[in-house]
Each structure stands twice: as structure tokens, then as C-alpha cells.
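Colleague: There's a structure below that I have some questions on.
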Amino acid sequence: MKKFELFLILILLQVSLVYSQETASIIRPEPFPVQEKGLTQQFYSVNFDAEGEAAVAAKLTVQNIAKENLSSVKIEIPGNKIRMINIVQEYYKTNKYCIRYEDACEEFDNGCIRYKSKCAEYGEQRAWPPLYSIVEYSEERLSNSILYTLKLPVEVSSQDAATIVLFYKSEDYAYSTVLGRFKFAFETIKLNTDTENVRVSVSVNDGLYLQGVKSKVSYRESFATAEKAIASPLISAQSDYLQQFSSQVGYYGEFFKEAKGLDPLESFIVKGTYATSWIGLNINKILISVLSLAVVFGLGYIILRKSLAKSH
């Protein structure tokens with residue numbers, strides 16, 4: 001009888017282990033030298049398929065607070081199986097406009113006899129829409145990541161911001177367990193700058209089930225359009241597809257996680273589960289229900305046996 005009770009206790013411990021699940025965390029990776037200055041915004045749209053591959057759209061906005069122009073950026077992407085599709089820089093042309101006019105003498109004869117209004121001070125404003133250029137880069141493989149050095153086609157002046165849009169795929173962020181069930185742990189890019197805000201949106205291909213999502217919305221068409229827009233080797237300087245894609249990075253998805261105030265060399269990890277079937281997605285709940293019923297019946301059996309023993 002004591003062996004049976006011990007068995008029930010072990011079952012309850014197993015149930016508690018199966019039920020516990022971590023969703024998101026911030027980690028501090030192995031550092032590379034902090035050289036650049038700036039405050040960064042990071043946005044990600046991550047889409048997983050039935051083989052565990054992640055398609056990642058990332059948008060990084062790095063403010064240049066240094067006195068000199070910013071001509072290159074270093075980024076470290078976690079993982080060993082990164083397949084970079086393309087990287088582009090988003091930038092704007094500027095138009096001059098007059099801030100302040102003043103009258104200037106145009107004709108003089110013992111004093112000014114004719115004045116003409118002229119611009120005394122000019123300002124600049126961004127010209128819409130944004131433009132795009134392909135970013136050349138070099139890569140260096142580290143132990144568990146790839147370090148990319150990005151050469152910006154358009155240098156960024158002091159107090160302005162560099163906007164970089166990346167599209168890559170990786171098999172590093174998800175692994176299969178049982179019954180078509182996948183666990184994923186997506187890790188954001190590591191930069192040697194402070195990061196004010198990180199936003200990660202996650203979605204899965206049509207026909208897959210994402211944990212924590214009650215209503216399924218198809219994002220595959222949006223991602224397919226995004227791939228065509230940014231994967232082309234001939235990027236048009238002015239592209240409506242790229243502009244739409246860039247504006248929605250971090251908002252494609254079925255659930256969202258955010259982090260704020262990351263120090264240089266910190267990254268943000270978003271964890272979750274998806275599956276190819278409803279049973280695969282809910283196998284933990286099914287097991288918990290079955291084990292809980294087994295515990296209830298087992299306890300009932302013990303109580304019944306003890307009652308019968310006392311009656312005799």
C-alpha cells in the first residue's frame with residue numbers, strides 16, 4: 001500500500017513539472033566590444049512552419065548620438081543555421097524649405113529704393129516616401145551566433161537614425177517533441193547599443209496551432225508578399241511593397257511580447273509552443289487531465305480499501 005501511495009506522489013510531481021512553462025526572458029550573452037553609441041528600437045515578426053524553420057523579419061532603428069557620421073553597424077544574430085535573405089537600409093531624401101524671410105535691398109541710390117523678400121534661414125524636411133538600398137555585409141561565425149558587419153550605403157549624420165530592415169531564416173529557434181508539437185525560443189539580435197524597446201510578434205503557417213491563440217488569423221499571404229518584396233536581388237529605391245512591409249514589421253502575428261530598457265549586449269527571448277494538430281498542442285493538458293483522474297481514482301481506491309479494512 002505504501003508503494004502505491006508513493007507512486008501517486010510521483011505522479012503529482014510529474015504533473016507539476018509538465019504544467020510549468022516559461023514564456024519570455026531576457027538574457028545577457030557573451031559580449032563583443034561596445035564601440036558604437038545610440039538608442040535602438042527593435043521590431044520582429046517571426047513566422048514558424050511545420051518543419052520548425054523560422055522566417056524572421058526584423059527592423060532596427062539606431063539613433064546616432066555620436067558627433068561623427070555613422071557608416072557601419074555591427075549586429076550579432078543568435079544561432080548557427082542562419083540563412084540571410086537580404087538586408088536593406090531605409091532612408092529619406094530631404095527637401096529644403098524657408099524658415100524665415102527678411103527684406104533685402106535690391107536697388108540702392110542714396111539709400112535703398114527697392115526691397116525684395118529673401119529667405120534668411122532654411123530648414124530641411126523628409127521627403128515621402130522612404131527609399132531603400134541594399135546593405136553590403138560581412139559575416140563572422142562565432143560559437144553560437146553569427147556576427148554581421150553592415151556597411152550602410154547612406155551614412156547617417158549625428159542625431160539622425162539609421163533604419164535597417166532584415167529578412168532571414170533559421171532552424172535554431174524551434175525543435176520537435178511529440179505528436180507534431182514544437183517548442184520555440186526565439187532570441188532577438190544582440191547589439192552593442194542600448195535598446196529602448198523590443199517588440200516581437202509570432203505567427204505560424206496556415207494549418208498549424210499556436211498556443212495561447214484562441215482565434216486563428218492567416219498571416220501566410222502577408223509573409224509571402226514580404227518575402228517577394230525583400231528577397232529580390234534588384235531592390236527598387238522606391239518600393240511600395242517594401243514600405244508596407246517595413247511599416248508592419250512587429251505587427252504581423254497572433255501574439256506579441258515586449259521588453260524595454262535593454263542594456264548593450266542583452267537580448268530578449270520569446271518562448272512558446274505550436275503544433276500541427278489540436279491534440280499535439282494540448283497533449284500536456286490531456287496528460288494532466290488523465291493523470292489527475294488517475295490520482296482521484298487512486299485516492300478513492302486507497303480510502304475505500306482502508307474503510308473496508310477497518311470494517312473487518
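Colleague: Would you tally the net charge around ALA275, using a Cβ to Cβ cut-off of less than 11 Å, leaving ALA275 out, and scoring K and R as +1, D and E as -1?
Modeller: Residues near ALA275 contribute +2 overall.
Colleague: While we're on this one: What ranking, highest mean first, results for peptides 107-116, 183-192, 201-210, 150-159 when packing means the other Cβ atoms within 10 Å averaged over each residue?
Modeller: Working: 107-116: 8.8, 183-192: 21.9, 201-210: 20.2, 150-159: 15.2.
Highest-to-lowest ranking by the protection proxy: 183-192, 201-210, 150-159, 107-116.
Colleague: Another question, then. Using packing as a proxy for protection, rank 266-276, 85-95 so that the peptide with the highest average count of other Cβ atoms within 10 Å comes first.
Modeller: Result, highest mean first: 266-276, 85-95.
Colleague: Which of rounded, prolate, oblate describes region 141-199, given a ≥ b ≥ c as roots of the alpha-carbon gyration tensor eigenvalues and a/c under 1.5 marking rounded, otherwise prolate only if a/b is larger than b/c?
Modeller: On the way: a/c = 2.85, a/b = 2.31, b/c = 1.23.
Judged from the Cα gyration tensor, region 141-199 comes out prolate (a/c at least 1.5, a/b above b/c).
No value in this document is a laboratory result; all are computed from the given coordinates. Not measured: the values here are computed from a predicted model. Please note: Cβ atoms are built from the backbone with ideal geometry, for glycine as well, and neighbour counts cover all protein chains shown.
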